[in-house]
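Accompanying notes for the structure given below.
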Amino acid sequence: MSTQQRTGDTIRFSEPPSIVEFGAVGGKKEGQGPLAAQFDLLFEENTFGEETWEKAESRLQRHCLDLTLKKAHCKPEQVNLLLGGDLQNQCTATAYTMRNVDVPFAGLYGACSTMAEAVGLAACFTAGGFADTVAALTSSHFCAAERQFRTPLTYGAKRTPTAQWTATASGCCIVKPQGDGPYVKAVTFGRVRDYEICDINNMGAAMAPAAAETILRYCADTGRTPADFDAVYTGDLGIVGSRLLAELLKKEGVALHNHKDCGLLLYDIDTQEVQAGGSGAGCSASVLAAHVLPMLRRKEHNRVLFLSTGALMSQITFLQGESIPGVAHLLELSSQREG
Amino acid sequence: MKLTPEEYDGLSKQASPKSKLLQDCLWAFGVGGAICLLGEILRQSYLAKGFTLTDASTMASVTLIVISAVTTSLGWYQRLAAKAGAGTLVPITGFANSVVSPAIEFKSEGYVPGVGAKMFLIAGPVIVYGLAASAVWGVIYCFIRTL
Amino acid sequence: MGFVWAFVIGGLICVVGQLLIDLTSFTPARVLVTFVVSGVVLSALGWYQPLVNLAGAGASVPLIGFGHLLAQGVMDAVESMGLLGALTGGFTAAAAGITASLVCGVIAAVSSHSHDQN
């Protein structure tokens, strides 16, 4: 344990754990988007053969977990711990998936930030020697989220241009202490930031300060800047949040020219009518597993920062007029173990 | 970060794309107008069939409600509304949509706690405040009449 | 001409709703409540009936017309039964619309299912 280093909020692994395998499963709209070819599995019907949208999300997760374990040549019983979460109330999508998976399970809720949170914790568990194989699994389902957070699906409403589209997708990563990479070199768990944005249809604006805060803390802790990386990926800031992130970092004297947002990569925002971009716990998870990690594995990227951002409100706090707190967790990912 | 929420509010307003006002209004005008026109055509045809003025209006409204319920069930009303905005929200068809859509949606939570209880999730406030206002007006009107 | 007025007036009332949504922080639900209550008030002031005379369904189909219906119903009921009419008039006038909607809702719940928007 003493060989690990923690500076400020950033945990740097002396023996970086490896994301040995990863998988991404998507629904209909994701299958029409620019990343379609990079998904492991896509479905035409977002019911995934189930009767309710809640069951559909669990089914989606199960597909993702099963195919990722298969790719990793790993049996469920070899998994020491599964860290996962989703957007449903009380995290039921994941809990109900885990009814049929006989693996220790710790449920996480970080809204759309859950994937970076799960992989970050998985890296800590494996690097610390507490587990040999940890799975990180998250999902979101447009229909399940819509009926829970907004309105019935057949209700006629026009979306505002700042609204984001909940992805119907799931991503899974298997983390081990050793492996061929990509490697998790460092993790910075974010602090909650709230700049009094109350508009539930403008989550990007609510989350951007948290993302900026985490990046700034990582930079201060490590002495690096975004320019040291091939790319800085954020999960789900969308158009609005991406603009704001660049603006906020500029004010702090940090230039951000290599930024990409998962919510803007997953969909073609000009033609797919997703307003300000994608969101949801499955959005950054599936983009990580379908796009970012494969690029690291193919050495098209050497070093990237990956942040998932989450808006931590509920329907109740929103109706009570509370503003929306945001959080962002950062992973430093590398194709090489050393350096 | 040394930014105040007030400063951030300004930044986020700048960064947020605005609604396309003209386009939204044209859609609302066109679709809303068309639904009202359909209502008028229905009303006139019920009048021609010998209904009284009040009954013809009521029949026209009920017909629009049924049309809205059918198109809602098929998922078409939502698709039109995604473009038409207030054009599909404000007419009586929007009211019917707001009753029928939760009824369909919450069927999975059962007919009593789902369909029955949640049917007026969106339309409830309209009925509550509409009727409350009418009761207030009734009392005032009653008072005026005695003057 | 009646049809033209129905289209134009109905369309314009919807545009007012759209402007409220786009320019203010009004949610759709708030717009509907505002429209119904305004309908009651406008009708009480005697300002809405002329619009109904001109535009027919163009004025009665938008939710302001629902408010107008409630206000007129209450007035009729007060005429015939006094103060008690304040309690019965609104629901009586709105009965057809509300009952039709909820019956349709139950039928739709039985016969239809939730639709994906993707």
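What are the residues in the range A:225-238 that are farther than 12 Å from A:HIS259 by Cβ and either among the hydroxyl-bearing types (Ser, Thr, Tyr) or open to solvent by 10 Å² or more (accessible area, probe 1.4 Å) (or both), if any? Listed by number, the residues that qualify are A:THR225, A:ASP228. Considering only residues in the range C:18-39 that are open to solvent by less than 20 Å² (accessible area, probe 1.4 Å), touching a residue at least 24 places away in the same chain (Cβ under 8 Å) and facing chain B (nearest Cβ under 7 Å), the one that is farthest from B:LYS20 (Cα to Cα) turns out to be C:VAL36. In the set (1) in contact with a His (Cβ under 6 Å, 6 or more places away or on another chain); (2) within 8 Å of chain B (Cβ to nearest Cβ); (3) among the hydroxyl-bearing types (Ser, Thr, Tyr), C:TYR48 fails one condition alone, (2). When A:GLY129 is tested against the conditions (1) open to solvent by 10 Å² or more (accessible area, probe 1.4 Å); (2) small (Gly, Ala, Ser); (3) in contact with a Leu (Cβ under 9 Å, 6 or more places away or on another chain), the lone failure is (3).
Within the range A:271-291, which residues are surrounded by 18 or more Cβ atoms within 10 Å (Cβ to Cβ) and not hydrophobic (A, V, I, L, M, F, W, C)? Talk me through it step by step, then tell me what you get.
Residues of the range A:271-291 surrounded by 18 or more Cβ atoms within 10 Å (Cβ to Cβ): A:272, A:274-291.
Across the range A:271-291, the qualifying residues are A:GLN272, A:GLN275, A:GLY277, A:GLY278, A:SER279, A:GLY280, A:GLY282, A:SER284, A:SER286, A:HIS291.
Within the span defined as the range A:41-54, one or more residues are open to solvent by 10 Å² or more (accessible area, probe 1.4 Å), aliphatic (A, V, I, L, M), touching a residue at least 24 places away in the same chain (Cβ under 8 Å) and not in a helix (DSSP H, G or I).
The sole residue among B:GLY110, B:GLY32, B:GLY85, B:GLY114 that is touching a Gly at 6+ places or on another chain (Cβ under 6 Å) and closer than 30 Å to C:VAL106 by Cβ is B:GLY32.
Of all residues in the range B:85-98, count the ones that are within 10 Å of chain A (Cβ to nearest Cβ), among the β-branched types (Val, Ile, Thr) and touching a Phe, Trp or Tyr at 6+ places or on another chain (Cβ under 7 Å). Residues flagged as within 10 Å of chain A (Cβ to nearest Cβ), among the β-branched types (Val, Ile, Thr) and touching a Phe, Trp or Tyr at 6+ places or on another chain (Cβ under 7 Å) within the range B:85-98 amount to 1. For the range A:130-163, a tally of residues being at pLDDT below 95, small (Gly, Ala, Ser) and more than 26 Å from A:SER242 (Cβ to Cβ) returns 1.
Scanning the range A:254-270 for residues that are open to solvent by 20 Å² or more (accessible area, probe 1.4 Å) and in contact with a Pro (Cβ under 8 Å, 6 or more places away or on another chain) yields A:VAL254, A:ALA255, A:LEU256, A:HIS257, A:ASN258, A:HIS259, A:LEU265, A:ASP268.
Using the structure shown, decide if B:ILE127 is modelled with pLDDT of 95 or more, facing another protein chain (nearest Cβ under 7 Å), closer than 17 Å to C:ARG30 by Cα and open to solvent by 10 Å² or more (accessible area, probe 1.4 Å). So B:ILE127 fits the description; yes. The number of residues in the range C:79-118 being under 18 Å from the mean Cα position of the chain (by Cα) and over 16 Å from B:ALA96 (Cα atoms) comes to 6. With a requirement of 3 or more residues that are modelled with pLDDT of 95 or more and within 8 Å of chain C (Cβ to nearest Cβ), the helices (runs of 4 or more DSSP H) lying completely within the range B:1-73 that satisfy it span B:21-48, B:53-73. Return yes when C:SER101 is open to solvent by 30 Å² or more (accessible area, probe 1.4 Å) and on the phi < 0 side of the Ramachandran plot and no when it is not. It is false that C:SER101 is open to solvent by 30 Å² or more (accessible area, probe 1.4 Å) and on the phi < 0 side of the Ramachandran plot. All conditions in (1) outside any helix (DSSP H, G or I); (2) outside the structural domain of A:ALA72 (by TED's automatic domain parsing); (3) in contact (Cβ under 8 Å) with a residue 40 or more places away in the chain hold for A:GLY204, with the sole exception of (1).
For (1) assigned to a strand (DSSP E or B); (2) buried (at least 24 other Cβ atoms within 10 Å of the Cβ); (3) under 12 Å from the mean Cα position of the chain (by Cα), each residue gets a yes or a no:
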position	(1), (2), (3)
A:LEU293	no, yes, no
A:LEU305	yes, yes, no
A:ILE316	no, no, no
A:ALA328	yes, yes, yes
A:GLU338	no, no, no
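Summed over the range A:219-277, the residues that are closer than 26 Å to A:ARG6 by Cβ, out of contact with any Phe, Trp or Tyr (no Cβ under 9 Å at 6 or more places or on another chain) and in a helix (DSSP H, G or I) give a count of 9.
From the list C:GLY17, C:GLY39, C:GLY10, C:GLY58, the one residue that fits, being part of a helix (DSSP H, G or I) and within 30 Å of B:LYS13 (Cβ to Cβ), is C:GLY17.
Here are some residues: B:TYR111, B:TYR141. Which one is more than 16 Å from the chain's Cα centre (by Cα), away from chain A (no Cβ under 14 Å), aromatic (Phe, Trp, Tyr) and open to solvent by 60 Å² or more (accessible area, probe 1.4 Å)? Reasoning before the result, please.
Working: B:TYR141 fails: open to solvent by 60 Å² or more (accessible area, probe 1.4 Å).
Exactly one of B:TYR111, B:TYR141 is more than 16 Å from the chain's Cα centre (by Cα), away from chain A (no Cβ under 14 Å), aromatic (Phe, Trp, Tyr) and open to solvent by 60 Å² or more (accessible area, probe 1.4 Å), namely B:TYR111.
The values are calculated or read from the model by the stated rules, or taken from the named source; none is laboratory data. Computed from a prediction, not measured in an experiment: that's the story for all the values here. Here the Cβ is made from the backbone with ideal geometry for all residues, glycine too, and neighbour counts use every protein chain on show. We work out accessible area using only protein heavy atoms, side chains counted, and drop any ligands, DNA or RNA first. Shrake-Rupley method; radii C 1.70, N 1.55, O 1.52, S 1.80 Å.
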